[in-house]
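Since every read-out is calculated from the coordinates, none of them should be taken as a lab result. Being a predicted model, the structure only gives us computed values, none of them experimental. Methodologically, a virtual Cβ is constructed for each residue, glycine included, from the backbone with ideal geometry; neighbour enumeration extends over all protein chains shown.
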RNA sequence: GCCGCGUUGGUCAAUCGGCUAAGACGCCUCCCUUUCACGGAGGAAUGACGGGUUCGACUCCCGUACGUGGUACCA
């Protein structure tokens, strides 16, 4: 019998959640749900110097907006409380101690200054970043070099210390990554990572393995930036005696900048004009606000679809997937090895597709806030008709105002030249007489309005090419929008007259 | 520097030894629409490079180049 699948997303509450983070959540979530398992959210707040107020709440809000609700979390609780590492602080020491007692780790008393000095002294062109490793540790101030008795004396005297893993010499750490296959590491090239910091908090390295073990995590998915520290984690699982319970690993490819090189960052979004965070994030220290996909007008369904396809596909030509379809079809083995450059144009295309797939009624509550924000008022029945008329030309939610503002307020004429260029008395006469005869239209439908327009036009010897564009400019203010007579029908006879009159004058 | 990982059109990508190398985004042309979109029909554009292995290589192996990540008492 196989264990129930349990995965976790373990962010640090240090700021906004960006695309890569949400995609990591998504792949974890999809994998768990595909296998009928649990998705747990654990907050990795072991570095109090980087703690940012509000960042944890922001994570809950993002997951909620995306529809990726955890089964267990600090908020929701669960069988393995607490889910916040700072609250689990007391649990880690015993495991670090266990490692020291077993000879797999040691106490180190080196001050930050001593570490800097060591790195500075050993730094050469051939070795620009010296490590605290098997070659150097006997020259440092630790329980290996000093002896356990002296170490104990220092500890008793209150000397600050950390606990470091003692990396073995001349060993190969080999493991199978679900995405990359077999990966090899030479232990001589890995440093003696700090496991427990001087403040008693564990580092990520200790905390992940302890918590993954205690929380019975079966599959650990994380970004590729963690791949190099995997051998430390694997050794820890063995040294702690939990080798049989170790989760299967998968290191996800990175999401890269669309231009240039490197990981996608917040700055790239600002530079290139697209969001990088899921939702707006305001840094409480600097007050700086970064726009998110939600506020930009993306639908959450589109957002997760975009992310799902950035590094994965099901092998068919299908590109639009509901969350349920993603759950049914997701296969971690089909995730790509290489990073993907983010393409904002494609992201917009997805959102456009999702808007088209929504019914007009479903769009009402999504569009309404944008109308109200502009100071306009509307009722649902009217809004629904407007949506039907303009949704195919809307890509992001704010486009509904851009493309439909003239249904709610009298537009400013922005392309006046389109009327005045070939304007003459004959046209003026035409608009005046047509406007005057509007009362004669018995049923106010766009067909009837158009028929009346054509009738007057023909009677005065004009052609559509002469007067249709001017009418559009009068009604819309620019050369865009749905059929002019449909707009006329919607705004009503009074408003139609008003717009014609004010344009003529 | 060292180590890990990667490399199919501008971008996302299919292919798991038989390729005249899918599809999508974007771009271009035309049609539709006397607006702008949508839609429809076309088009340009791809296997980093060099060696092997093989009847046959985009697919397997080895180099090289390039990219990317790591090299913290940060995650």
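List of remarks:
- Seen from a random direction on average, the alpha-carbon convex hull of the stretch A:83-238 projects onto 10.3 square nanometres.
- Applying 0.36 nm per residue to the separation of residue A:464 and residue A:432 and subtracting their alpha-carbon distance, the gain on full extension is 9.9 nm.
- Inter-label distance, residue A:145 to residue A:91: 3.5 nm, where each label sits 7 Å from its Cα along the C-beta direction.
- Computed from the C-beta positions of residue A:122 and residue A:421, the FRET efficiency with R₀ = 56 Å rounds to 0.15.
- Backbone N within the stretch A:383-398 under 13 Å of label point (7 Å from residue A:368 Cα along the Cβ vector): A:383-384
- Counting 0.36 nm for each residue step from residue A:451 to residue A:80 and taking away their Cα separation leaves a gain of 126.4 nm.
- Residue-averaged [θ]222 nm for chain A, counting only DSSP H segments that reach four residues, each worth -39500 (n - 2.57): -13000 deg cm²/dmol
- Length-normalised contact order of the stretch A:224-297 in % [C-alpha pairs under 8 Å, at least 6 apart]: 18
- Computed from Cα positions, the angle between helix A:55-66 and the longest principal axis of chain A comes to roughly 50 degrees.
- Over the stretch A:164-246, relative contact order from alpha-carbon pairs under 8 Å, at least 6 apart, %: 26
- Highest mean first, the peptides A:478-490, A:411-423 sorted by other C-beta atoms within 10 Å per residue fall in the order A:478-490, A:411-423.
- Sorted peptide list for A:75-82, A:214-221, criterion being average Cβ within 10 angstrom, highest first: A:214-221, A:75-82
- Chain lengthening between residue A:504 and residue A:4 when straightened (0.36 nm per residue, less Cα-Cα): 172.6 nm
- Global geometry of chain A, whether rounded, prolate or oblate, following the gyration tensor of its Cα atoms and the 1.5 cut on a/c: prolate
- Gyration tensor (alpha-carbon) shape descriptor, the stretch A:396-505, a/c threshold 1.5: oblate
- Relative contact order of chain A, pairs being alpha-carbon contacts under 8 Å that are 6 or more residues apart, as %: 13
- Taken along its principal axes, the alpha carbon cloud of the stretch A:48-170 reaches lengths of 52, 38, 32 Å, longest axis first.
- Of all DSSP beta bridges in chain A, antiparallel share, percent nearest 5: 55
- Taking a ≥ b ≥ c as the square roots of the eigenvalues of the Cα gyration tensor, the stretch A:281-408 is classed as oblate, since a/c reaches at least 1.5 and a/b does not exceed b/c.
- Projected label points at residue A:283 and residue A:248, each 7 Å from Cα along the beta carbon direction, are separated by 4.0 nanometres.
- Taking all pairs of distinct alpha-carbon atoms in the stretch A:414-456, Kirkwood radius in angstrom: 11.6
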